[in-house]
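Working notes for the structure below.
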Amino acid sequence: MEELLHRSNPWWTGKFEFPGIAREGHLSTLLRLRESKDVVLITGLRRVGKTTLMLQLVHRLLEEMDSRLIFYVSLDHIGLKERSIIETVDGYRAANGLKHDDFVYLFLDEVHFKEDFELQLKNLYDEGNSKVYASGSSSLDIVMKSPHLTGRQRILHLSPLSFREYLMFLGKEISPADQHLYPPLAEEYLETGGMPEYVLTRDPNNLQSMVDSILYRDIAGRHDIRNRENLLDILSLIAQSVGTPISLRKISRVLGIPVDVVSRIVNLFVEANLVHMVEKEGKMSERKGSPRKIYLADNGLFGMLTEKVNYGSLVENIVFLAVRREGSVRYYRTSGLEIDFVRGKGAWEVKYKSAVDEKDLAGLKSLKGFKSRTMVTKDKEGKVDGIDLVPLWKFLLQDLLIPSL
């Protein structure tokens, strides 16, 4: 095992170059949390950049401490299959001649592949001789599976690249004199999405292999799903239904799959961060009794899942992903009027066109008690009856907050 650990931690014996392109907002958050005793859990879609972000944090820490006190390991490695997290950490200490009381930084990637990982993370927390950063692609596995980490964790949900990050990854610096370049770049971002490797390579095989890994390794492999064709069929049908209340019975009827199987698979998609479900705003009974709307985790998925992409769905999906970065989102419906997204006293409606009329504005106008009401348009800008009209490119450039942990 010692040889494997050395391969995973090249900084113990040599130089370690900064990996990838820095996502400074997330890096700053993780650095700030180093003073907290809590276990930091990084979740998100497979290949969204969790490992790269952890290694970037390693690089920053190496600037100020002994390299032997920093340990990274991917817990899905076949060489560690028979070893627990605790045994692996003990092996790391032994390989570096570290005492049990020496304070170390532990970066545990793909932690959800280990049985009883929550209990083992709690044990590390209780020992008090380490700061733990852990990652996993299955958000519900990490957050909800057991109470062991309750009150002992901070959770960072890593999303695909924002529009600002997208421009940064492409090396696009737009001057105030060249604002006209933003609209076509925003439309390019609409179709490309924000998966880092795909943004840089534009190789469709990158997205295809990512989806295949989620469907057939993370979901089918771990949950004993034999008819794997069902997975892609259901996901493709979901991609054609973005922005509308989802009917599991309709999917069942169209594909000839039992509704309980459809329900289970959709829940697994949510668990794997592949899709997001949005409840209706209202009391608990309304939220749970009303159909939910569904969105894809990244806009780049549309092109590989549907033959003909609905442009309205693309825009609504990208606006949802932007709004969601600041916190949980619901949709609003009353008296025949529907608002795409609400959170607290803020509301957002998507009308991707150059001219809006009274019918378009009716829903937002009805929300008299809301502090902010925003309509995202194609290029219409201004204020009408207290409603902000914002072109998509300007909306995407807004400095949306990274949720505090």
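The values are calculated or read from the model by the stated rules, or taken from the named source; none is laboratory data. If you're wondering where the values come from, they're calculated on a predicted model, not measured in any experiment. Here the Cβ positions follow ideal geometry from the backbone for every residue, glycine too, while neighbour counts run over all protein chains shown.
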Picked from the stretch 102-121 (must be at pLDDT below 95 and charged (D, E, K, R)), the residue surrounded by the most Cβ atoms within 10 Å (Cβ to Cβ) is 118
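Here is a yes/no grid of residues against (1) closer than 19 Å to residue 398 by Cα; (2) in contact with a helix residue (DSSP H, G or I) (Cβ under 6 Å, 6 or more places away or on another chain); (3) charged (D, E, K, R); (4) surrounded by 21 or more Cβ atoms within 10 Å (Cβ to Cβ):
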| residue | (1), (2), (3), (4) |
| --- | --- |
| 250 | no, no, yes, no |
| 259 | no, yes, no, no |
| 281 | no, no, yes, no |
| 295 | no, yes, no, yes |
| 317 | yes, no, no, yes |
Could you tell me how many of the residues in the stretch 170-180 are of a type outside the set (S, T, N, Q) and either touching a Lys or Arg at 6+ places or on another chain (Cβ under 9 Å) or outside any helix (DSSP H, G or I) (or both)?
5
Among the numbered conditions (1) closer than 26 Å to residue 315 by Cα; (2) without any contact (Cβ under 8 Å) to a residue 24 or more places away in the chain; (3) crowded, with 18+ Cβ neighbours inside 10 Å; (4) not polar (S, T, N, Q), tell me where residue 237 comes up short.
(3)
Report, by residue number, each residue of the stretch 75-86 that is surrounded by fewer than 17 Cβ atoms within 10 Å (Cβ to Cβ), in contact with a helix residue (DSSP H, G or I) (Cβ under 9 Å, 6 or more places away or on another chain) and not in a loop (DSSP other than H, G, I, E, B).
79, 86
Which one of 317, 267 is closer than 20 Å to residue 251 by Cβ and modelled with pLDDT of 95 or more?
317
Between residues in the stretch 267-279 that are within 16 Å of residue 243 (Cβ to Cβ) and assigned by TED's automatic domain parsing to the domain that holds residue 332 and residues that are in a strand (DSSP E or B) and among the aliphatic types (A, V, I, L, M), which pairs lie under 7 Å by C-beta distance while being six or more apart or on different chains?
275/294; 275/296; 277/294
Under 6 Å between Cβ atoms, which residue pairs at least 6 apart in sequence (or on different chains) link something in the stretch 76-94 that is among the acidic types (Asp, Glu) with a partner that is surrounded by 15 or more Cβ atoms within 10 Å (Cβ to Cβ)?
76/110; 76/113
Determine if the stretch 214-232 includes at least one residue that is crowded, with 19+ Cβ neighbours inside 10 Å, at pLDDT 95 or above and on the phi > 0 side of the Ramachandran plot.
no
Search the stretch 14-54 for residues being under 23 Å from residue 218 (Cα atoms) and assigned to a helix (DSSP H, G or I), and hand back the single one that is nearest to the chain's Cα centre (by Cα).
50
Do we have residue 57 as more than 22 Å from residue 271 (Cα to Cα) and surrounded by 15 or more Cβ atoms within 10 Å (Cβ to Cβ) here?
yes
Exactly one condition in (1) surrounded by 14 or more Cβ atoms within 10 Å (Cβ to Cβ); (2) without any contact (Cβ under 8 Å) to a residue 24 or more places away in the chain; (3) part of a loop (DSSP other than H, G, I, E, B) is not met by residue 167; state its number.
(3)
Just checking, which of 130, 175 is outside the structural domain of residue 304 (by TED's automatic domain parsing), surrounded by fewer than 20 Cβ atoms within 10 Å (Cβ to Cβ) and either of a type in the set (Asp, Glu) or out of contact with any Asp or Glu (no Cβ under 7 Å at 6 or more places or on another chain) (or both)?
130
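Across the stretch 297-315, which residue is farthest from residue 273 (Cα to Cα) among those that are among the hydrophobic types (A, V, I, L, M, F, W, C) and touching a helix residue (DSSP H, G or I) at 6+ places or on another chain (Cβ under 7 Å)?
The initial filter retains those residues of the stretch 297-315 that are among the hydrophobic types (A, V, I, L, M, F, W, C), namely 297, 301-302, 304-305, 309, 314-315.
Next cut, touching a helix residue (DSSP H, G or I) at 6+ places or on another chain (Cβ under 7 Å) only: 301-302, 304-305, 309, 314-315.
On the way: 301: 13, 302: 15, 304: 17, 305: 16, 309: 21, 314: 18, 315: 20 Å.
Once the filter is applied, the top-ranked residue is 309.
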Within the stretch 357-382, track down each residue that is part of a loop (DSSP other than H, G, I, E, B), of a type outside the set (Ser, Thr, Tyr) and either crowded, with 17+ Cβ neighbours inside 10 Å or free of Cβ contacts under 8 Å to residues at least 40 places away in the same chain (or both).
357, 367, 368, 369, 370, 371, 378, 380, 381
